[in-house]
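The values are calculated or read from the model by the stated rules, or taken from the named source; none is laboratory data. The shown structure was predicted, so the numbers you read here are calculated from the model rather than taken from an experiment. Note: ideal-geometry Cβ built from the backbone for every residue, glycine included; neighbour counts use all protein chains shown. Keep in mind that these areas ignore ligands, DNA and RNA; they rest on the heavy atoms of the full protein, side chains included. Shrake-Rupley method; radii C 1.70, N 1.55, O 1.52, S 1.80 Å.
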Amino acid sequence: MSAHSESPTTSLPPPPIRAAGSPFDKASADIILRTADRVDFRVHSHILIVASPVFESILGLPHTPGSTGDETLDGRPVIEISEDSACLDTILRICYPVEEGAPPATVGAIEVLLEAAAKYEMHYPSCVLNQHFLEIAVQKPFEAYAAACRLGSEALARRCAELTSTATVAVENPRWGHDMGAGTAGQYFRLLEFCRLSQADQVPHNYRFVTPNPVPFSSTELPSTTPLWSTTVPTQYMLPNMPFPDLVCRSSDGHDFEVHRGIVSAASPTLYERIKKLVSGRPVSGDDAKAVGQALPILPLEECGTVLAAILRMCYPMALDLPLDPRDFANVLSAARKYSMTKACKKIQKRWHAVAETDPLRAYFVAVHVGWQEGAERAAQLLANRPLEGMYISDMELVSASSYNSLIAYQEMYKDALGKLSSEHPALLQGLPRMSEGSAFVHCAVHSEQALRNMESLLDTITARFRSNSDSSYRHSKSQISYSGSMIRAECAALKAIPVELRKVRLPSVLVAS
């Protein structure tokens, strides 16, 4: 093995400095801008001062040749910038009285240029680039809309949204999220809402795209269901007052929990390693620590008090007490995974359905945010027959547009699957009015085998009573009861097919924790 290969920390030398081409190589230039890829642009300060207030401030600072950190080349000060040579060349050509060259061909390329123009407060280059941006937006309005939101430009976002609403009907094309790149679910929601409201000419004049709209334009934010004990009950009551603690676990918001090293270590291999490193050389028990006048060792952890209390309680043999708010619940699961608490993870996941039922939309997005595909799918099932129009929660600002797109796509596939089943089993929906598509009864039958068992049990009871009773009224109704029994059994068989078929409808992957 060579000496070079044995030194993995050896860094490659930086690339050589290159000179930019015409017109940024003039001897009359009085400053040099050096780009991130080490290309020197010789430029004229008076042009930069007119074009950019930021450069005006930089160039107005006193310059002392030879001072620390000041580099010069051929007597000209060198200013290093973070943009690359392609970006700087395009922006400078807009500022200089020269031919601009070919405009950028992609939304991403113009986005980079607009970021640089905004950074240096270059008004004229921004106007020129905005025009190029809108020209490309005609062909790629959804990608451009997402870029406009990232740039924080309400004006560009509105223009792109108008292009989408005139190009096609939003509610008939729910696949736009794939074209939005790194846009958020909240921004995607506002685009869909804008298109929906545009059809009825109900868009408020101050409708926003980059940031959430004020009430009442997006007033469907659901109240938090965070239990009181997580914020108002004193910390010492979150864990039982058991004797002989020998460790303090401190939450990120300053709550201290006195626990037992052995119990916590047995529940979490990850915490065991951290505890072992922390207490190395200390007395083993809490009593020994007090005997020598030492305070209990403190293990700082990254979780807040609400989450840490739930995690520590699960280390002990006691009733499982988890937060009811989907956000806190998902954070508890995330922490349990982080600390390799396999048994606790299984317990938490079993409780998710009950928590998700209280607020399935929030449950879906918090599951996405922590990267839990199974939890997101369970929440999506609860939302399968619920309209999403106008439904907004702040958690949508934390995840990508593709996760919202996945939920919309899931609803469509679910609806298609249910429609196929109803066409194949018309008596299933036509025979029982209460089982109309989208009703709570169908949803229960789809997701709960218990409903099927109840129906079969009822049939068995009717049949048993008929066979054991010799009353003439039963004998007189024999043919009618037999017919009803066969119908119920047929309906049970059809109902049994629904969960099997609909379980084949899978939620597209949303593991994009962002």
Checklist outcome for this item: Inside region 12-57, the number of residues satisfying the requirement of being hydrophobic (A, V, I, L, M, F, W, C), buried (at least 17 other Cβ atoms within 10 Å of the Cβ) and under 14 Å from D74 (Cα atoms) is 6
Item to check | Search result, residues across region 258-275 that are open to solvent by 20 Å² or more (accessible area, probe 1.4 Å) and of a type outside the set (A, V, I, L, M, F, W, C) | outcome: E258, H260, R261, G262, S265, P269, T270, Y272, E273, R274
Next on the checklist: If a residue must be of a type in the set (K, R) and open to solvent by less than 70 Å² (accessible area, probe 1.4 Å), how many such residues does region 82-137 contain?
Outcome noted: 1
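What are the residues in region 297-354 that are acidic (D, E), in contact (Cβ under 8 Å) with a residue 60 or more places away in the chain and touching a helix residue (DSSP H, G or I) at 6+ places or on another chain (Cβ under 6 Å), if any? Steps first, please.
Let us first name the residues in region 297-354 that are acidic (D, E), namely 302-303, 321, 325, 328.
Going one step further and asking which of them are in contact (Cβ under 8 Å) with a residue 60 or more places away in the chain, we end up with 325, 328.
Hit for region 297-354 is D328, nothing else.
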Checklist entry - Regarding R175, is this residue modelled with pLDDT of 90 or more and open to solvent by 30 Å² or more (accessible area, probe 1.4 Å)? => result no
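Identify, from the list E377, E397, E357, the residue that is assigned to a helix (DSSP H, G or I), touching a residue at least 24 places away in the same chain (Cβ under 8 Å) and touching a strand residue (DSSP E or B) at 6+ places or on another chain (Cβ under 6 Å). Talk me through it step by step, then tell me what you get.
On the way: E377 fails: touching a strand residue (DSSP E or B) at 6+ places or on another chain (Cβ under 6 Å); E357 fails: touching a strand residue (DSSP E or B) at 6+ places or on another chain (Cβ under 6 Å).
Checking each option against the conditions leaves just E397.
Of the residues L299, L308, only one is over 21 Å from E357 (Cβ atoms) and part of a helix (DSSP H, G or I); which?
Being over 21 Å from E357 (Cβ atoms) and part of a helix (DSSP H, G or I) holds for just one of L299, L308, which is L308.
Determine which member of the set P103, P23 is more than 44 Å from the chain's Cα centre (by Cα) and in a loop (DSSP other than H, G, I, E, B).
Details: P103 fails: more than 44 Å from the chain's Cα centre (by Cα).
Selected residue: P23, the only one of P103, P23 that is more than 44 Å from the chain's Cα centre (by Cα) and in a loop (DSSP other than H, G, I, E, B).
Right, Y364: in a loop (DSSP other than H, G, I, E, B) and not aliphatic (A, V, I, L, M) or not? Give the steps one after another, and end with the answer.
Working: in a loop (DSSP other than H, G, I, E, B): no; not aliphatic (A, V, I, L, M): yes.
No; evaluated as a whole, the condition is false for this residue.
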Checklist outcome for this item: Pairing a residue in region 254-265 that is in contact (Cβ under 8 Å) with a residue 40 or more places away in the chain with any residue that is polar (S, T, N, Q), where Cβ atoms lie under 9 Å and the two sit 6 or more apart in sequence or on different chains, gives H255/T235; H255/T306; D256/T235; D256/Q236; F257/T235; F257/Q236; F257/S251
Item to check | Residue ID - farthest from R261 (Cα to Cα), chosen from residues in region 316-359 that are open to solvent by less than 10 Å² (accessible area, probe 1.4 Å) and of a type in the set (F, W, Y) | outcome: W352
Item to check | Flag if T166 is at pLDDT 85 or above, out of contact with any helix residue (DSSP H, G or I) (no Cβ under 8 Å at 6 or more places or on another chain) and closer than 25 Å to I110 by Cα | outcome: no
